[in-house]
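Accompanying notes for the structure given below.
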Amino acid sequence: MPCLQAVFWDVDGTLADTELTGHRLAYNRAFKDCGLNWIWDESLYTDLLSIPGGRQRMQHYSERLGQSLDADLLDRLRVIKQRHYLDVVASGGVQLRPGVQDLLEELSASGVQQWIVTSSGKASVEALLRSLRTDLRDVFQGMVTADDVERHKPNPDPYLRALEFCGVSSDHALALEDSAAGLQSARSANLRCLITPSAWDHDWQLFSECAQCVVDHLGGEQAPTVHHGPTCAQGRITLEYLQLLLSLPLR
């Protein structure tokens, strides 16, 4: 049985609930600062989350409206949005998803490498890690962010770069994701994947066909519901459970 040597964590929607109460507010503040009369409410933003990456999301929305945003304005929006996001995060408005803290600590104590693999920028991720109740920066061996690759999820590039950085083969690593784009990225890099679906991404057919496991959360006060995959006998997702997933055939 392959031994689990590395776990790759997506951030937005997997590690923490950052989207609706974090990124969305920051986008709206940036739009106002730049004179755009755009307002992304929760319903619209949920729809736009099918587009991975902030720059791509804004470009897609402008094209939907028949408008054109030049590269300079997109860059300005991205910088201003990031500043507002850092302010939101610093205020404590973003929290870890259930069961994440326990799994992070167990993997760290067991010597399993942990890497962040995300379509967010490095500054946003670092601010989030600093803002949490327990500073998590020392838990991770490194990160691959939007600043490190040209092609983002669902392309395999972020995970291929993570495998390169950590020096572990795909047979000894596992990805934790919440979205169809993240799952496609991990699978294209020959990684097994556990999915904890976000409220806005329920591509159940893809999840059940391609993920090793689909659970509503990683644990906490209540045991996770397993929608697909092995029974979670311990009442939360543990290192032992991830090791079991690694032994399953690649889907």
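The values are calculated or read from the model by the stated rules, or taken from the named source; none is laboratory data. No experiment lies behind these values; they were computed from the predicted model shown. Glycine gets a Cβ as well: all are built from the backbone with ideal geometry, and neighbour counts include every protein chain shown. These accessible areas exclude ligands, DNA and RNA; they are computed on the full protein's heavy atoms, side chains included. Shrake-Rupley method; radii C 1.70, N 1.55, O 1.52, S 1.80 Å.
Other residues lying with their Cβ under 12 Å from the Cβ of residue 39 contribute a combined charge of +1, Lys and Arg counting +1, Asp and Glu -1. Calculated accessible area for the chain comes out at 44 Å² per residue, all protein chains present (probe 1.4 Å; ligands, DNA, RNA ignored). Gain on full extension, evaluated as 0.36 nm per residue between residue 90 and residue 108 minus their Cα-Cα distance, stands at 4.0 nm.
Which net charge results when you count Lys and Arg as +1 and Asp and Glu as -1 among the other residues whose beta-carbon is under 13 Å from that of residue 219?
-4
If the segment from residue 138 to residue 208 were pulled out straight at 0.36 nm per residue, it would be longer than the present Cα-Cα gap by 21.8 nm.
Subtracting the Cα-Cα distance of residue 43 and residue 234 from their residue separation scaled by 0.36 nm leaves 65.2 nm. With a sphere of radius 11 Å drawn around the Cβ of residue 74, what net charge do the other residues whose Cβ falls strictly inside it have (Lys, Arg +1; Asp, Glu -1)? Combined, the nearby Lys, Arg, Asp and Glu give +2.
Based on Cα contacts under 8 Å between residues 6+ apart, the chain shows a relative contact order of 23 percent. Note on the range 1-51: Cα-only Rg and Dmax are 16.0, 57 Å. Ligands, DNA and RNA left out, the accessible area of the range 61-194 computed with a 1.4 Å probe is 42% carbon and sulfur. The mean sequence distance of close C-alpha pairs (under 8 Å, at least 6 residues apart), as a share of the length of the range 155-244, puts its relative contact order at 20 percent.
Plugging the Kirkwood radius over Cα pairs into Stokes-Einstein for the range 110-185, at a temperature of 10 °C and a viscosity of 1.306 mPa s, what D comes out in µm²/s? D, rounded to a whole number, is 122 µm²/s. For the range 1-62 and the range 76-133, what is the separation of their Cα centres, given in Å? After rounding, the separation between the Cα centres reads 13 Å.
Using only DSSP helix segments of four residues or longer, with each worth -39500 (n - 2.57), what per-residue ellipticity at 222 nm results for the chain after dividing by its residue count and rounding to 500? For the chain, the value works out to -12000 deg cm²/dmol. May I ask for the percentage of alpha-carbon pairs in the chain that lie more than 26 Å from each other? Of all Cα-Cα pairs in the chain, 37 percent lie more than 26 Å apart.
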